[in-house]
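Asker: Right, I'll just put the structure down here and ask away after.
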Ligand SMILES: [Zn+2]
């Protein structure tokens, strides 16, 4: 069992335990870097990667599922955010809060960063933005919309969480 992360023609898989570590360190970085509305939507995507809620081996995502933005500038900014988050995590951002040693986390993060850097976010079909189509329609199926953005911070762990939809953050569900 494991989980697969894809982007364009690239992909890598992690064991279930490796997935937890990868998402732990990425969540710590994303939580402190998030500034723009899009960042909180990406944070929400990360909250959906909680195997204690979704099931072991039932997570993983494809960069192609992400709504990177309508303009080239938006897409470049969004991609840059994800790369910056990986870079911040690679600098062991708040790793002392993990409560465990993540010996392979650096390798996971380097792999992910390379995949994102090599990925070219595509322009989405403008028709998907038609307000007449209603709020339920998104670019892609799995990327959280603005109304589902992870804007709440877990008081105990100080990371973005799926509150109020879920009771706690990924560190809450793991303990
Ligand atoms: Zn928490």
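The values are calculated or read from the model by the stated rules, or taken from the named source; none is laboratory data. Here the structure is a predicted model, which means the values were calculated and not measured. Cβ placement follows ideal geometry from the backbone for every residue including glycine, while neighbour counts extend to all protein chains displayed.
Asker: Going residue by residue through region 116-136, is there one that turns out to be more than 25 Å from residue 58 (Cβ to Cβ), at pLDDT 90 or above, surrounded by fewer than 17 Cβ atoms within 10 Å (Cβ to Cβ) and within 16 Å of the ligand (Cβ to nearest atom)?
Answerer: Here is the first cut: in region 116-136, the ones more than 25 Å from residue 58 (Cβ to Cβ) are 117-118, 120-135.
Of the ones still in play, those that are also at pLDDT 90 or above are 117-118, 120-121.
Applying the additional criterion that residues be surrounded by fewer than 17 Cβ atoms within 10 Å (Cβ to Cβ) yields 117-118, 120.
If we keep only those that are within 16 Å of the ligand (Cβ to nearest atom) too, we end up with none.
No; the residues of region 116-136 include none that is more than 25 Å from residue 58 (Cβ to Cβ), at pLDDT 90 or above, surrounded by fewer than 17 Cβ atoms within 10 Å (Cβ to Cβ) and within 16 Å of the ligand (Cβ to nearest atom).
Asker: Here is a further query. Against the definition (under 19 Å from residue 14 (Cβ atoms) and exposed (fewer than 14 other Cβ atoms within 10 Å of the Cβ)), how does residue 55 come out, yes or no? Step through it out loud before you land on a result.
Answerer: Numbers: under 19 Å from residue 14 (Cβ atoms): yes; exposed (fewer than 14 other Cβ atoms within 10 Å of the Cβ): yes.
Judged against the criteria, residue 55 is a match.
Asker: Are there any pairs, at least 6 apart or on different chains, whose C-beta atoms fall under 6 Å, with the first in region 143-157 and more than 21 Å from residue 66 (Cα to Cα) and within 12 Å of the ligand (Cβ to nearest atom) and the second in a helix (DSSP H, G or I) and at pLDDT 95 or above, and if so, which?
Answerer: 157/171
Results for (1) over 17 Å from residue 169 (Cβ atoms); (2) out of contact with any helix residue (DSSP H, G or I) (no Cβ under 9 Å at 6 or more places or on another chain), shown as yes or no for each residue.
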{"site": "8", "(1), (2)": "yes, no"}
{"site": "16", "(1), (2)": "yes, no"}
{"site": "31", "(1), (2)": "no, no"}
{"site": "38", "(1), (2)": "yes, no"}
{"site": "41", "(1), (2)": "no, no"}
{"site": "44", "(1), (2)": "no, no"}
{"site": "54", "(1), (2)": "no, yes"}
{"site": "70", "(1), (2)": "yes, no"}
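Asker: To continue, here is another question. Just to be sure, is residue 16 buried (at least 21 other Cβ atoms within 10 Å of the Cβ), in contact (Cβ under 8 Å) with a residue 40 or more places away in the chain and more than 12 Å from the chain's Cα centre (by Cα)?
Answerer: No; evaluated as a whole, the condition is false for this residue.
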